[in-house]
Amino acid sequence: MPKGRLEAFTDGVMAVIITIMVLELKVPEGGGLGALQPLMPAFFTYVLSFVYLGIYWNNHHHMLHATERVSGAILWANLHLLFWLSLVPFTTGWMGENHFSPVATAIYGTVLLCAGVAYYILQTTIIRAQGPHSTLGAAVGRDLKGKISPLVYAAAIPLAFVHQAIADVLYVTVALIWLVPDRRIESRVGRDAEAAKEAETAKDATRT
């Protein structure tokens, strides 16, 4: 099946998630800068979650760019990812409104962990459908960042009950790791396109 509808649907859901999240930010009572101070925890969680959603959207775009076709299993795996991402506004608001309480911070990390696992499942489902030697399979390789991130989340969740600041630092650390653009898929797609072009040129030369 073509992948156009999957991309359009995912982009639409991501846009709605970000819209819901920004609407959770309350207008301060007062016109001075001091009125913003009580809103800083909520604003910090919004910025962190916005970065995470941007990372997922960016990497999802690159992953589908390297995907030739989609199947029913891929569609369900994508919905599974969107389910966990749709909970980000709720956990973002909860953690911000309660000033990073241990329980809210741990639940926030749980949603991030489940979203990371869901993304890995989607990636694995696509590679299984296209083969390990496909563009995506070759580009992903050992996927160290994808394997390290869930371990950091898993450590941050219980540490939130020791001190929530430790968990918050770990969440920010994972975001910073992924904030650096991942060029693996872009490079692989470029090499495959160049190889295909050279093969086509060689074929035309043989015909003439």
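Side notes on the structure shown:
- Spin-label proximity, F44 to segment 80-105 - amide N less than 14 Å from point 7 Å beyond Cα toward beta carbon: 95-102, 105
- Here the calculated FRET efficiency for L151 and H99, from their Cβ-Cβ distance with R0 = 30 Å, stands at 0.65, rounded to the nearest 0.05.
- Dipole of the chain computed with +1 at Lys/Arg Cβ and -1 at Asp/Glu Cβ about the Cα centre; of L53, G131, V169, farthest Cα towards the positive end is G131.
- Label reach from V180 (point 7 Å along Cα→C-beta): in segment 39-72, amide nitrogens under 20 Å belong to 51-60, 62-63.
- Largest GNM mean-square fluctuation among N98, N78, N59, using the chain with Cα springs under 10 Å: N98.
- Three-way shape label, the chain, alpha-carbon gyration tensor, a/c 1.5: prolate
- Of all accessible heavy-atom area on the chain, the percent that carbon and sulfur account for (1.4 Å): 69
- Counting charges near T92 (Lys, Arg +1; Asp, Glu -1) among other residues having Cβ under 14 Å from its Cβ returns a value of -2.
- Helix screen, the chain: DSSP H segments with Cα axial length of 20 Å or more and mean Kyte-Doolittle hydropathy at least 0.5 are 4-23, 72-86, 102-130, 144-159, 164-179.
- The helix-only estimate of mean residue ellipticity at 222 nm for the chain, built from DSSP H runs of length n ≥ 4 each weighted as -39500 (n - 2.57), is -26500 deg cm²/dmol after division by the residue total.
- For the chain, the relative contact order works out to 23 percent when only alpha carbon pairs closer than 8 Å and six or more residues apart are counted.
- Basic side chains Lys and Arg get +1 at the Cβ, acidic Asp and Glu get -1 at the Cβ, and with that the dipole of the chain about its Cα centre reaches some 560 debye.
- The listed peptides 126-135, 34-43, 47-56, ordered by packing as a protection proxy, come out as 47-56, 126-135, 34-43 (highest mean of other Cβ atoms within 10 Å first).
- For the chain, the tally of Lys pairs with Cα-Cα distances below 30 Å comes to 4, considering only residues 8 or more apart or on different chains.
- Maximal additional length on extending the S86-S71 stretch stands at 3.2 nm, based on 0.36 nm per residue less the C-alpha distance.
The values are calculated or read from the model by the stated rules, or taken from the named source; none is laboratory data. As the structure is a computational prediction, the values presented were derived from the model and not from experiment. FYI the Cβ positions are ideal-geometry reconstructions off the backbone, even for glycines, and counts take in every protein chain you see. The protein model used for the area step is the full one, side chains on, heavy atoms only, and it has no ligands, DNA or RNA in it. Shrake-Rupley method; radii C 1.70, N 1.55, O 1.52, S 1.80 Å.
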